[in-house]
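J.: Pasting a structure below so you can have a look.
The values are calculated or read from the model by the stated rules, or taken from the named source; none is laboratory data. It should be emphasised that the depicted structure is a prediction, and the values quoted were computed from it without experimental measurement. Cβ atoms come from the backbone with ideal geometry, glycine included; neighbour counts cover every protein chain shown.
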Amino acid sequence: MEFMFDVSSADSSFVEIIWHTHSERAGTFTSAAVSNWEMAIATFNGKTTIVARGPETKASLADFPANAEFFGITFKLGTFMPHLPVKTLVDRQDARLPEASSNSFWLHGLAWELPTFENADVFVNRLIRQGIVVRDPVVEAAIQGYTPDMSIRSLQYRFLEATGLTQKMIQQIERARSAVLLLEQGTPILDTAFELGYFDQAHLTNSLKRFIGKTPVQIAHKRTVQ
């Protein structure tokens, strides 16, 4: 099953996207590797839970229940919560935030009202004002291609603290996701490999199998049958 997502842009410079979806029946899907962390809210059987979910360094299978609502706030790279290190959340080591009441949860010693898809911006702005969510401008600059005036070791430390990943891992994940976009647009496999700097088709195939869970042929074939 593939989910249909409602996605909105955010007013906050701390947020990548805000998304919402639902499931009509139970099933399994392939969760692709992602560089960003997020706060995800799920409502099932009348009960709502919220988790902090870290980046994923490989594709994996994930289950979902029937008749469930899912909503999430995906934060930009370089944005993080100092009290809850992103590196502790990597690869599905989600941190479930404790329930304070039927419509609130505990975060950093405070009770917070559960956010909704509609008021996510307000919720994020409160997190920022309270200093619960911060961002590292050095990491943001490095991601945009600037070379910070610091040692490689110091930069590596800043990346791990702010993203939970190394800069190299982020580059590999983002390159694989770029390859998917090219293949879905009809770019031939060999041209995709060349354009994104893969050694050859085998290198591209291994990367997509690891990070996306599909081969280039499977991705290209999906486009032709839609």
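J.: Would you confirm, using the coordinates I've provided, whether Thr88 is surrounded by 17 or more Cβ atoms within 10 Å (Cβ to Cβ) and within 21 Å of Leu160 (Cα to Cα)?
T.: So Thr88 fails the test.
J.: Okay, moving on. Answer yes if at least one residue in segment 141-160 is on the phi > 0 side of the Ramachandran plot and modelled with pLDDT of 95 or more, and no otherwise.
T.: No: zero hits.
J.: Has segment 136-157 got any residue that is in a loop (DSSP other than H, G, I, E, B) and touching a residue at least 60 places away in the same chain (Cβ under 8 Å)?
T.: no
J.: Quick one: in segment 84-130, of everything that is in a strand (DSSP E or B) and of a type in the set (Ser, Thr, Tyr), which residue is farthest from Ser35 (Cα to Cα)?
T.: So, considering only residues that are in a strand (DSSP E or B) and of a type in the set (Ser, Thr, Tyr), the one farthest from Ser35 (Cα to Cα) is Ser101.
J.: Still on this structure: Identify all residues within segment 91-115 that are aromatic (Phe, Trp, Tyr) and surrounded by fewer than 20 Cβ atoms within 10 Å (Cβ to Cβ); write none if there are none.
T.: Trp106, Trp112
J.: If you go through segment 122-153, how many residues are of a type in the set (A, V, I, L, M, F, W, C), closer than 23 Å to Arg175 by Cβ and surrounded by fewer than 17 Cβ atoms within 10 Å (Cβ to Cβ)?
T.: Matching residues across segment 122-153 total 2.
J.: Out of Gln156, Gln167, Gln172, I need the residue that is surrounded by 13 or more Cβ atoms within 10 Å (Cβ to Cβ), in contact with a Phe, Trp or Tyr (Cβ under 6 Å, 6 or more places away or on another chain) and closer than 19 Å to Trp37 by Cα. Which one?
T.: Within the list Gln156, Gln167, Gln172, the selection yields Gln167.
J.: Give Pro188, Pro115 a once-over and let me know the one that is in the same structural domain as His22 (by TED's automatic domain parsing) and either touching a residue at least 24 places away in the same chain (Cβ under 8 Å) or not small (Gly, Ala, Ser) (or both).
T.: Pro115
J.: Looking at Arg153, Arg158, Arg175, which one is in contact with a Leu (Cβ under 6 Å, 6 or more places away or on another chain) and of a type in the set (Lys, Arg)?
T.: Unique residue meeting the criteria: Arg175.
J.: Quick one: Gly54 ticks every box in (1) over 18 Å from Arg135 (Cβ atoms); (2) of a type outside the set (S, T, N, Q); (3) touching a residue at least 24 places away in the same chain (Cβ under 8 Å) except a single one, so which number is it?
T.: (1)
J.: If only one of Phe75, Phe105, Phe80, Phe70 is over 20 Å from Val133 (Cα atoms), touching a residue at least 24 places away in the same chain (Cβ under 8 Å) and among the hydrophobic types (A, V, I, L, M, F, W, C), which one is it?
T.: Phe70
J.: Then there is this: May I ask you to verify whether Arg158 is of a type in the set (Lys, Arg), within 21 Å of the chain's Cα centre (by Cα) and not assigned by TED's automatic domain parsing to the domain that holds Pro55?
T.: yes
J.: Inside segment 200-216, can you point out the residues that are over 22 Å from Arg92 (Cβ atoms) and either at pLDDT below 95 or of a type in the set (Gly, Ala, Ser) (or both)?
T.: Ala202
One line per residue, one yes/no per condition, for (1) outside the structural domain of Asn67 (by TED's automatic domain parsing); (2) over 18 Å from the mean Cα position of the chain (by Cα); (3) at positive phi; (4) in a strand (DSSP E or B):
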site: Ser13; (1), (2), (3), (4): no, no, no, no
site: Ile18; (1), (2), (3), (4): no, no, no, yes
site: Thr21; (1), (2), (3), (4): no, no, no, yes
site: Arg25; (1), (2), (3), (4): no, yes, no, no
site: Thr30; (1), (2), (3), (4): no, no, no, yes
site: Asn36; (1), (2), (3), (4): no, no, no, no
site: Ala40; (1), (2), (3), (4): no, no, no, yes
site: Thr43; (1), (2), (3), (4): no, yes, no, yes
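J.: Next question. Please go through segment 122-181 and pick out each residue that is among the aliphatic types (A, V, I, L, M) and under 30 Å from Pro216 (Cβ atoms).
T.: Scanning segment 122-181 gives Ala142, Ile143, Leu165, Met169, Ile170, Ile173, Ala176, Ala179, Val180, Leu181.
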